[in-house]
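Notes follow once the structure below has been shown.
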Amino acid sequence: MADMIAQDTQNDSITRLDEVVLTQDAIPKKATGITVSSKIAGQTFERFNPIDIPSAINLISGVYILSGAINTNRITVRGMGARTPYGTNKLRMYFNGIPVTNGTGSSTIEAYDFENLGAVEVIKGPKASAFGANLGGAILLDTKASVQDRTQLINSFTIGSYNMLKDNLTFSHSENGLDISLSYNHLETDGYRQNSQFQRDGLLLNTKLRTGQKSSLALLVNYIDYTAHIPSSINLTDFEEDPTRAPSNWLESQGYEANKYILTGLSHTYQFSEQLQNTTSIFYTYLDHYEPRPFDILDEFTNGYGFRSRFAGNWGKADISFGGEFYRDEYHWGTFENLYEENNGNGSLQGSQLSDNSEFRRQFNLFGTLSYPITERLSGQLGLNWNKTHYDFRDLFGEGAGNASAKRDFDAILLPNLGLSYQIKNGSIYANVSRGFSNPGLEETLTPSGAINPDIAQETGTNYELGTELMLLHKKLSVNLAAYRMDVKNLLVAQRIGEDQYIGRNAGKTRHQGLEMELQYKARMARTITFAPYISYTLNDHSFVDFVDDDNDYSGNPLTGVPKHRLSSGIDFRHSNGLRLNLTHQFVDEIPMTDSNSISSDAFNVFHAKLGFRTSLLSSITLGVNAGINNIFDTNYAQSVLINAVGFGGAQPRYYYPGNGRNYFGGLQLNYVF
């Protein structure tokens, strides 16, 4: 998917090139050579409420964000990550080229303000050697670029239902080799459900300085401070009768999470010659996290740091890319009693310490890619990724036989990929075979007694993919089709043994296969009006091939947590006077919520609409106005589900995270050019 947006140097935000939303190769990709990826940007983001990044990313076929709340998102790519209880893993995430996935493979897209993003690129499957070769692939987040030779101040202000208020203020300057952008963002909302208040403040500094004819420096600083109350999942009765409810224990404890997160990165780019360029980055991340839950209070902080260096260029007819990436983090965490029941209705109260732990985690990746034009139309690409992972767990609380300190050093793993691309009259046909892996989280490597489990192994898989990218009907219709199959062995299973206790084990094999289709047509209804209908369809035929859990044989069952069919569609209308209308729709099929497939969520359709208008007030001032409705028909639907939920003490299992009811928003954007 792609947006091609250009802004006239005299009339910013009004003069634009035609948009091609669902074309994968319409704009340059970070993935070297013929690796195929999907990208969304600019006008795609503008279709939605500025706090609704899941809806934008869910336009990409094969990619689905299950969103329990603003701070609770689980990204799945072709079914990978669907069995993760909370959060996102099995993929690598990069922010302006800097890795932001932590030492055990977890990524948090909620750490970034939607309005600061210029593009989101998704490489589906393990074919991106330069970005980790994880089974789920990679997500590359890029900030908005400064407009060349311009100084501007942009303020976007939005209000909406549930007392939602959002503001994003950005100053950018570009002149004589210096690009600088500084943004402040604020978001607050009471939320749709009980105990779902959210407040966030953030700063983003992004600068680039040309230091010579062949070199440049870039500095990136992203700081986020947010407090999010946690409504948690609910049972079927509450979901059907009143989806705004929060479970009584979360409501009484007033459970929440408070986070302070900072990412800093310094990058240097040097052009050795016309044939070779290098970009090297060093980076540091810090997360301070405090989370009172009904069953305990988690207090943790993480320091992470590393470097990434990549060389890119050409050698004769061949394009080459090679480099390395090192990441290390130190994770310190402890749990405490939560005495909320003794706190006279005032919520959580910290009691005695229950645990004290430190984890030291490191990963090292080496990668290389070679792309070569075999004939005038046929190109080939060979990629390699080498990974080495090490965990060191230190129990600072237990003594003697009760101390669970241990280390786990995974064997190095080599992951090749091979791709071919053949150019045809109106596009290309491509094929890829690639090998990928996923590490277990450190906690998944522990046995119930807390000792390192030497038998748990990395998930590994082989991915086969065939697809085509076409531009038809005088380039008015873009068509992208892909079929894939990935066989995964040593499936990692998180088995629940307590309200917030999981152990990991390898439980068998899964087969991920499916079809993906993205279509968009763009034409004129009249001389001044364009319309662009689009469809993004995903067929997931994912199943357990060999999965025996104790005495239960689930082999042959559809994979838990994945809808078989998913469809995103819509139509954009634009008038030359600056008026635009976006109508969007999402269909999600039922989702198996247990490995036995005994319970599934209901399929649903959700519709949104947004109307906007832009005009120039003066030669230097542009005004934008917008208003929208989410969930037009007030559908009661599960925006996320918790798989294999267990009810404790005779309570019903809590599977459901309800989506918001019908809600409204409106905003203003003022752009001043100095």
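Among the candidates ASN385, ASN314, the residue that is out of contact with any Asp or Glu (no Cβ under 8 Å at 6 or more places or on another chain), surrounded by fewer than 16 Cβ atoms within 10 Å (Cβ to Cβ) and either modelled with pLDDT of 95 or more or not in a loop (DSSP other than H, G, I, E, B) (or both) is uniquely ASN314.
In the stretch 638-652, of all residues being in contact with a Leu (Cβ under 9 Å, 6 or more places away or on another chain) and farther than 14 Å from PRO231 by Cβ, the one that is most open to solvent (accessible area, probe 1.4 Å) corresponds to GLN652.
Being modelled with pLDDT of 95 or more, among the β-branched types (Val, Ile, Thr) and over 20 Å from ARG92 (Cα atoms) is the filter here, so list the residues in the stretch 425-455 that pass it. Once the filter is applied, which keeps residues that are modelled with pLDDT of 95 or more, among the β-branched types (Val, Ile, Thr) and over 20 Å from ARG92 (Cα atoms), the stretch 425-455 yields only ILE429. In the condition set (1) under 19 Å from SER38 (Cβ atoms); (2) touching a Phe, Trp or Tyr at 6+ places or on another chain (Cβ under 6 Å), ALA532 is compliant with all but (2). Just to be sure before I move on: is ASN338 at pLDDT below 95 and open to solvent by less than 70 Å² (accessible area, probe 1.4 Å) in the structure I sent? In short, no. For the stretch 582-604, which positions are among the hydrophobic types (A, V, I, L, M, F, W, C), open to solvent by 20 Å² or more (accessible area, probe 1.4 Å) and assigned to a loop (DSSP other than H, G, I, E, B)? ILE599, ALA603, listed by residue number.
Pull up the stretch 317-341, narrow it to residues that are among the aromatic types (Phe, Trp, Tyr) and part of a strand (DSSP E or B), then point me to the one that is nearest to GLY368 (Cα to Cα). Selected residue: PHE322.
Within the set of pairs 6 or more residues apart or between chains, which connect a residue that is more than 30 Å from SER405 (Cβ to Cβ) inside the stretch 374-394 to a residue that is of a type in the set (A, V, I, L, M) and in a strand (DSSP E or B) with Cβ atoms less than 6 Å apart? Here the result reads GLY380/LEU420; LEU382/LEU370; LEU382/LEU418; ASN385/LEU415, each pair linking the stretch 374-394 to a residue that is of a type in the set (A, V, I, L, M) and in a strand (DSSP E or B). Checking the stated criteria, THR560 turns out to be within 26 Å of LEU642 (Cα to Cα), hydroxyl-bearing (Ser, Thr, Tyr), surrounded by 20 or more Cβ atoms within 10 Å (Cβ to Cβ) and touching a residue at least 60 places away in the same chain (Cβ under 8 Å). Output the residues belonging to the stretch 398-424 that are open to solvent by 80 Å² or more (accessible area, probe 1.4 Å), touching a strand residue (DSSP E or B) at 6+ places or on another chain (Cβ under 6 Å) and at pLDDT below 90. Scanning the stretch 398-424 gives LYS407, ASP409.
Every test in (1) farther than 30 Å from TYR637 by Cα; (2) without any contact (Cβ under 8 Å) to a residue 12 or more places away in the chain; (3) among the charged types (D, E, K, R) is passed by GLU300 save one, and that test is (2). Is the stretch 342-349 home to any residue that is part of a strand (DSSP E or B), in contact with a strand residue (DSSP E or B) (Cβ under 9 Å, 6 or more places away or on another chain) and of a type outside the set (Phe, Trp, Tyr)? The answer is no, given that none of the residues of the stretch 342-349 is part of a strand (DSSP E or B), in contact with a strand residue (DSSP E or B) (Cβ under 9 Å, 6 or more places away or on another chain) and of a type outside the set (Phe, Trp, Tyr). Note on the stretch 40-70: residues that are farther than 30 Å from GLY578 by Cα and within 12 Å of the chain's Cα centre (by Cα) amount to 5. Taking the conditions exactly as written (open to solvent by 60 Å² or more (accessible area, probe 1.4 Å), closer than 30 Å to THR84 by Cβ and either touching a Gly at 6+ places or on another chain (Cβ under 7 Å) or in a strand (DSSP E or B) (or both)), does PHE607 satisfy them or not? So PHE607 passes the test.
Among the residues of the stretch 471-490, just one is small (Gly, Ala, Ser) and over 14 Å from ASN432 (Cα atoms), namely SER478.
Counting the residues of the stretch 565-581 that are over 18 Å from THR44 (Cα atoms) and crowded, with 18+ Cβ neighbours inside 10 Å gives 1.
Where strands (runs of 3 or more DSSP E) fall entirely within the stretch 508-581, those with at least 1 residues that are among the β-branched types (Val, Ile, Thr) are at 508-521, 529-549, 565-575.
Every residue, every condition in (1) touching a helix residue (DSSP H, G or I) at 6+ places or on another chain (Cβ under 9 Å); (2) within 18 Å of ASN96 (Cα to Cα), yes or no:
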site	(1), (2)
GLY137	yes, yes
TYR162	no, no
THR170	yes, yes
LEU178	no, yes
THR189	no, no
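Scanning the stretch 635-653 for residues that are over 20 Å from VAL562 (Cβ atoms) and either modelled with pLDDT of 95 or more or β-branched (Val, Ile, Thr) (or both) returns THR635, ASN636, VAL646.
State whether one or more residues within the stretch 353-370 are in contact with a Phe, Trp or Tyr (Cβ under 9 Å, 6 or more places away or on another chain) and farther than 29 Å from GLY304 by Cα. Looking through the stretch 353-370, at least one residue is in contact with a Phe, Trp or Tyr (Cβ under 9 Å, 6 or more places away or on another chain) and farther than 29 Å from GLY304 by Cα.
For PHE364, the test of being touching a strand residue (DSSP E or B) at 6+ places or on another chain (Cβ under 8 Å), assigned to a strand (DSSP E or B) and either open to solvent by 50 Å² or more (accessible area, probe 1.4 Å) or without any contact (Cβ under 8 Å) to a residue 24 or more places away in the chain (or both) is passed. Sort out which residues of the stretch 576-612 are at pLDDT 95 or above, within 24 Å of LEU668 (Cβ to Cβ) and not polar (S, T, N, Q), and write them in order of number. Within the stretch 576-612, LEU579, ARG580, LEU581, LEU583, HIS608, ALA609, LYS610, LEU611, GLY612 meet the criteria. Taking the stretch 124-149 as the range and being open to solvent by 10 Å² or more (accessible area, probe 1.4 Å) and on the phi > 0 side of the Ramachandran plot as the test, only ASP149 passes.
Across the stretch 230-282, the number of residues qualifying as open to solvent by 50 Å² or more (accessible area, probe 1.4 Å), assigned to a strand (DSSP E or B) and within 21 Å of GLN197 (Cβ to Cβ) comes to 2.
Of everything in the stretch 153-197 that is in a loop (DSSP other than H, G, I, E, B) and more than 30 Å from ASN249 (Cβ to Cβ), the residue that is most open to solvent (accessible area, probe 1.4 Å) is ASN176.
The values are calculated or read from the model by the stated rules, or taken from the named source; none is laboratory data. Since we're looking at a predicted model, the values are computed, not measured. Cβ sites come from the backbone with ideal geometry, for glycine too, and all protein chains shown count toward neighbours. Side chains are part of the model used for accessible areas, which takes the heavy atoms of the whole protein and leaves out ligands, DNA and RNA. Shrake-Rupley method; radii C 1.70, N 1.55, O 1.52, S 1.80 Å.
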